[in-house]
Structure formats: C-alpha cells, structure tokens
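In what follows, a structure is listed as structure tokens, so that the remarks can point back to it.
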Amino acid sequence: MAHFFAIPDDGWFILGGEILDKNTNDILIAYCGLCCTNCIMSTKYGCRGCHSVRSMNRNCKIKECSSGRGYNTCAECKDFEDFKKCKKLNNFMSRFMGFVFDNDRIKNLKRLREIGLDSFKKEKIIDKKP
C-alpha cells in the first residue's frame, strides 16, 4: 500500500518513500476513474495504470472505448449522464473488482466530472482509496 503524507506548507508530499511535487503528473488516474497510484497493483506489482504499456489488464473494454474517443477518463463521455447505465463500466466484473479492491469508480467519475482532473488528483494525494 502506498503511503501519502501531505506537507502543505512547502508543496511537497511523500509517495512510498519517494518525494514528489504536489503539482506533479505522477498521480495516475485510469480511464475508469480508479486512482492507480493508490492501487495495490501499482504499489505492490508495478502496474503503471492503463494509460501505460505496463497495465495489468491490456484487454480492458473501458480503456478501448475511452482511449478510442480521445478521452483521459470516462468522465469526459457525454453518452451517459448516469455512469451506471454504461455496461462497460457498470457490470458484474467491474462491481466485483470494486468490492475486492475497495474502490468506487462510479463515485470517482462523478467527482471527476464535478471538479476536473487536476483537482481530483490533488484530492487523491490525501484520500488513499483507489
């Protein structure tokens, strides 16, 4: 598990022993809204998220759909006002993986839509959930 310690006065934080600038792009957000940086697959097994060639699931239908449309995340998609209606995003396997890895991608995507990618990344520095 990654360890985050916010140090607000000087603009730096610690990620797994590595010091990074708070404004860095090192916070990885998957197409589906998962915060890869906080995921055990990243911290323990070296997955660099679905935006990289080192992702754990190279056949992800969500990645295929979102990247094919040129989106950074599904939050940019206008096809679904309610993300639960997207069958690629909200299906049995997705809900099962959400339970196993203790994450709520739908909630993350709603938040991404509300505040934008940069603000969402800053929130995920403190909120350690994927």
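Taking amide H atoms as placed 1.01 Å from N in the peptide plane, the amide H of Ile29 lies under 5 Å from those of Cys36, each 5 or more residues away in sequence or on another chain. Bridgeable lysines around Lys78 (alpha carbons under 21 Å apart, same-chain partners fewer than 8 residues away excluded): Lys61, Lys63, Lys87, Lys88, Lys107, Lys110. Label-to-label distance, Phe96 versus Glu76, with points set 7 angstrom from Cα along the beta-carbon direction: 3.1 nm.
Laboratory data are not the source of any read-out in this text; all were calculated from the coordinates shown. Please read all numbers here as calculations on a predicted model, not as lab measurements. Note that each Cβ is placed from the backbone with ideal geometry, even for glycine, and that neighbours are counted across all protein chains shown.
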